[in-house]
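Read through the structure below, which is laid out as C-alpha coordinates, and then see the notes.
The values are calculated or read from the model by the stated rules, or taken from the named source; none is laboratory data. As the structure is a prediction and not an experimental result, all values here were calculated from the model. A quick note on method: Cβ atoms are made from the backbone with ideal geometry, for glycine too, and the neighbour counts reach across all protein chains shown. These area figures cover heavy atoms from the full protein model, side chains too; ligands, DNA and RNA do not enter into them. Shrake-Rupley method; radii C 1.70, N 1.55, O 1.52, S 1.80 Å.
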Amino acid sequence: MTRCVLALKHFKRVDLHFYKATHEHHSSLPKKLFQKRTRAQLFESLVSTVISQQLGLAAADSIFARVKKACGGRLSPESVLEAMPAALRAAGLSGAKVKTLKTIVTAIKNNKLDLLSLKNIPEADAVKKLMSIWGLGPWSVEMFLMFALGRGDVFSPGDLGLARAMEAIYNLPKNTPRSSLLAIAEKWSPHRTYASLLLWRTRDTT
(Lines give C-alpha, C1' and ligand atoms only; values in the text may rest on other atoms or scores of the structure.)
Protein backbone atom coordinates (compact mmCIF):
# COMPACT_ATOMS: atom_id res chain seq x y z
CA MET A 1 0.00 0.00 0.00
CA THR A 2 1.47 3.36 -1.02
CA ARG A 3 1.96 6.16 1.46
CA CYS A 4 -0.58 8.19 -0.50
CA VAL A 5 -3.26 5.55 0.06
CA LEU A 6 -2.33 5.26 3.72
CA ALA A 7 -2.62 9.03 4.07
CA LEU A 8 -6.09 9.14 2.53
CA LYS A 9 -7.30 6.29 4.73
CA HIS A 10 -5.95 8.15 7.73
CA PHE A 11 -7.72 11.39 6.78
CA LYS A 12 -11.00 9.52 6.28
CA ARG A 13 -10.67 7.99 9.74
CA VAL A 14 -9.56 11.02 11.77
CA ASP A 15 -11.07 13.98 9.86
CA LEU A 16 -13.96 13.03 7.63
CA HIS A 17 -14.82 16.67 6.94
CA PHE A 18 -11.33 17.31 5.53
CA TYR A 19 -11.44 14.07 3.58
CA LYS A 20 -14.73 15.02 1.90
CA ALA A 21 -13.76 18.66 1.32
CA THR A 22 -10.64 17.62 -0.60
CA HIS A 23 -12.06 14.50 -2.27
CA GLU A 24 -11.93 15.83 -5.83
CA HIS A 25 -8.16 16.27 -5.53
CA HIS A 26 -7.28 12.85 -4.08
CA SER A 27 -6.47 11.34 -7.46
CA SER A 28 -3.94 14.09 -8.18
CA LEU A 29 -1.70 13.22 -5.24
CA PRO A 30 1.69 11.67 -6.02
CA LYS A 31 2.04 8.06 -4.94
CA LYS A 32 5.46 8.81 -3.47
CA LEU A 33 6.82 12.03 -2.01
CA PHE A 34 10.47 11.08 -2.11
CA GLN A 35 12.49 11.25 -5.27
CA LYS A 36 16.18 10.46 -5.31
CA ARG A 37 18.08 13.72 -5.69
CA THR A 38 21.75 14.51 -6.04
CA ARG A 39 23.57 17.17 -4.04
CA ALA A 40 23.39 19.41 -7.09
CA GLN A 41 19.62 19.01 -7.35
CA LEU A 42 19.15 19.63 -3.63
CA PHE A 43 21.27 22.77 -3.84
CA GLU A 44 19.23 24.08 -6.76
CA SER A 45 16.03 23.33 -4.80
CA LEU A 46 17.31 25.27 -1.80
CA VAL A 47 18.24 28.24 -4.00
CA SER A 48 14.74 28.12 -5.47
CA THR A 49 13.23 28.07 -1.98
CA VAL A 50 15.20 31.14 -0.93
CA ILE A 51 14.15 32.99 -4.08
CA SER A 52 10.50 32.07 -3.46
CA GLN A 53 10.38 33.69 -0.02
CA GLN A 54 7.43 36.14 0.08
CA LEU A 55 6.89 35.91 -3.69
CA GLY A 56 4.22 34.50 -5.95
CA LEU A 57 5.06 31.53 -8.17
CA ALA A 58 5.36 33.46 -11.44
CA ALA A 59 7.65 36.14 -9.98
CA ALA A 60 9.80 33.52 -8.25
CA ASP A 61 10.18 31.49 -11.46
CA SER A 62 11.19 34.59 -13.41
CA ILE A 63 13.82 35.63 -10.87
CA PHE A 64 15.11 32.05 -10.60
CA ALA A 65 15.77 32.00 -14.36
CA ARG A 66 17.61 35.34 -14.19
CA VAL A 67 19.68 34.25 -11.19
CA LYS A 68 20.66 31.07 -13.00
CA LYS A 69 21.73 33.14 -16.00
CA ALA A 70 23.75 35.45 -13.72
CA CYS A 71 25.53 32.35 -12.42
CA GLY A 72 26.62 31.31 -15.89
CA GLY A 73 23.63 29.13 -16.69
CA ARG A 74 24.35 26.61 -13.95
CA LEU A 75 23.50 26.83 -10.25
CA SER A 76 26.16 25.31 -8.03
CA PRO A 77 27.92 26.40 -4.84
CA GLU A 78 30.87 27.46 -6.98
CA SER A 79 28.86 29.50 -9.48
CA VAL A 80 26.89 31.27 -6.74
CA LEU A 81 30.09 31.99 -4.81
CA GLU A 82 31.71 33.51 -7.89
CA ALA A 83 28.67 35.58 -8.88
CA MET A 84 28.96 39.24 -7.99
CA PRO A 85 26.36 40.43 -5.45
CA ALA A 86 25.47 43.31 -7.78
CA ALA A 87 24.67 40.84 -10.57
CA LEU A 88 22.45 38.80 -8.28
CA ARG A 89 20.62 41.92 -7.13
CA ALA A 90 20.18 42.97 -10.76
CA ALA A 91 18.58 39.56 -11.38
CA GLY A 92 15.92 40.45 -8.84
CA LEU A 93 17.26 39.28 -5.48
CA SER A 94 17.10 41.48 -2.40
CA GLY A 95 20.29 42.12 -0.49
CA ALA A 96 19.05 39.80 2.25
CA LYS A 97 18.50 36.93 -0.19
CA VAL A 98 21.94 37.44 -1.70
CA LYS A 99 23.40 37.21 1.80
CA THR A 100 21.43 34.04 2.48
CA LEU A 101 22.69 32.34 -0.70
CA LYS A 102 26.27 33.35 0.05
CA THR A 103 25.90 32.05 3.63
CA ILE A 104 24.54 28.70 2.38
CA VAL A 105 27.44 28.36 -0.04
CA THR A 106 29.98 29.18 2.65
CA ALA A 107 28.47 26.56 4.96
CA ILE A 108 28.64 23.96 2.19
CA LYS A 109 32.22 24.83 1.25
CA ASN A 110 33.27 24.66 4.93
CA ASN A 111 31.60 21.25 5.30
CA LYS A 112 29.15 22.61 7.88
CA LEU A 113 26.18 21.77 5.67
CA ASP A 114 25.81 18.59 3.62
CA LEU A 115 22.44 18.71 1.87
CA LEU A 116 22.56 15.05 0.86
CA SER A 117 23.03 13.91 4.46
CA LEU A 118 19.84 15.72 5.52
CA LYS A 119 17.82 12.91 3.94
CA ASN A 120 19.28 10.36 6.36
CA ILE A 121 19.14 12.11 9.73
CA PRO A 122 16.21 12.71 12.10
CA GLU A 123 13.94 15.49 10.93
CA ALA A 124 14.59 17.59 14.04
CA ASP A 125 18.33 17.50 13.30
CA ALA A 126 17.75 18.47 9.68
CA VAL A 127 15.63 21.41 10.79
CA LYS A 128 18.28 22.52 13.28
CA LYS A 129 21.03 22.45 10.64
CA LEU A 130 18.99 24.41 8.12
CA MET A 131 17.68 26.92 10.65
CA SER A 132 21.26 27.70 11.70
CA ILE A 133 21.78 29.30 8.27
CA TRP A 134 21.19 33.05 8.23
CA GLY A 135 18.01 33.87 6.29
CA LEU A 136 16.45 30.39 6.45
CA GLY A 137 13.32 30.66 8.58
CA PRO A 138 10.59 28.15 9.37
CA TRP A 139 8.73 28.56 6.05
CA SER A 140 11.85 28.04 3.93
CA VAL A 141 12.90 25.00 5.93
CA GLU A 142 9.41 23.49 5.80
CA MET A 143 9.20 23.94 2.01
CA PHE A 144 12.62 22.35 1.55
CA LEU A 145 11.68 19.41 3.77
CA MET A 146 8.49 18.84 1.79
CA PHE A 147 9.57 19.36 -1.78
CA ALA A 148 13.28 18.57 -1.83
CA LEU A 149 13.69 15.97 0.91
CA GLY A 150 10.22 14.43 0.56
CA ARG A 151 9.52 14.37 4.29
CA GLY A 152 6.01 13.06 4.90
CA ASP A 153 4.85 14.82 8.04
CA VAL A 154 5.51 18.53 7.46
CA PHE A 155 3.02 21.35 7.91
CA SER A 156 3.72 25.07 7.50
CA PRO A 157 1.34 27.19 9.59
CA GLY A 158 2.95 30.35 8.28
CA ASP A 159 2.10 29.60 4.66
CA LEU A 160 -0.70 31.93 3.59
CA GLY A 161 -2.11 29.50 1.04
CA LEU A 162 -2.47 26.73 3.61
CA ALA A 163 -4.01 29.11 6.13
CA ARG A 164 -6.59 30.46 3.67
CA ALA A 165 -7.50 26.95 2.51
CA MET A 166 -8.06 25.79 6.08
CA GLU A 167 -10.11 28.88 6.89
CA ALA A 168 -12.34 28.14 3.91
CA ILE A 169 -12.73 24.42 4.62
CA TYR A 170 -13.43 24.82 8.33
CA ASN A 171 -15.30 28.14 8.07
CA LEU A 172 -12.74 29.87 10.27
CA PRO A 173 -12.27 33.65 10.56
CA LYS A 174 -9.59 35.25 8.43
CA ASN A 175 -6.16 35.33 10.09
CA THR A 176 -6.98 32.47 12.44
CA PRO A 177 -4.03 32.07 14.85
CA ARG A 178 -1.33 29.67 13.76
CA SER A 179 -1.75 27.73 17.00
CA SER A 180 -5.32 26.90 16.00
CA LEU A 181 -4.21 25.75 12.54
CA LEU A 182 -1.51 23.58 14.09
CA ALA A 183 -4.05 22.01 16.42
CA ILE A 184 -6.24 21.01 13.47
CA ALA A 185 -3.27 19.77 11.45
CA GLU A 186 -2.10 17.60 14.32
CA LYS A 187 -4.89 15.16 13.49
CA TRP A 188 -3.37 14.57 10.06
CA SER A 189 -0.02 13.43 11.44
CA PRO A 190 1.98 11.44 10.29
CA HIS A 191 0.77 12.50 6.81
CA ARG A 192 0.70 16.29 7.07
CA THR A 193 2.68 16.79 3.87
CA TYR A 194 -0.06 15.05 1.87
CA ALA A 195 -2.66 17.13 3.71
CA SER A 196 -0.75 20.27 2.73
CA LEU A 197 -0.71 19.22 -0.92
CA LEU A 198 -4.47 18.76 -0.81
CA LEU A 199 -4.97 22.17 0.79
CA TRP A 200 -2.89 23.88 -1.89
CA ARG A 201 -4.86 22.10 -4.60
CA THR A 202 -8.13 23.42 -3.19
CA ARG A 203 -6.69 26.92 -3.39
CA ASP A 204 -5.65 26.38 -7.02
CA THR A 205 -9.21 25.59 -8.03
CA THR A 206 -11.06 28.35 -6.14
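Listed by chain and number, the lysines whose alpha-carbon sits under 27 Å from that of K102, ignoring those within fewer than 8 places in the same chain, are K36, K68, K69, K112, K119, K128, K129. Shown for the stretch 1-102 is the translational diffusion coefficient from the Stokes-Einstein equation, using the Kirkwood radius over Cα pairs, a temperature of 37 °C and a viscosity of 0.692 mPa s: 203 µm²/s.
For the chain, a/c is not less than 1.5, where a ≥ b ≥ c are the root eigenvalues of the C-alpha gyration tensor, and a/b tops b/c. That puts it in the prolate class. Heavy-atom accessible area for F43, with the other protein chains in place and a 1.4 Å probe, reaches approximately 10 Å².
Using the average count of surrounding beta-carbon atoms within 10 Å as a protection proxy, the listed peptides 105-114, 126-135 rank, highest first, as 126-135, 105-114. Taking the longest Cα principal axis of the chain as reference, the axis of helix 192-204 is set at about 90 degrees. With springs connecting C-alpha atoms under 10 Å apart, model the chain as a Gaussian network and identify which of G95, G150, G158 has the largest mean-square fluctuation. Checking each option, the largest mean-square fluctuation is seen for G95.
Rounded, prolate or oblate, given the Cα gyration tensor of the stretch 30-73, with a/c below 1.5 counting as rounded? Oblate. Per residue, the stretch 1-85 exposes an accessible area of 62 Å² to a 1.4 Å probe, with every protein chain left in place.
Apolar share of the accessible surface for the chain: 56 percent from carbon plus sulfur atoms, 1.4 Å probe.
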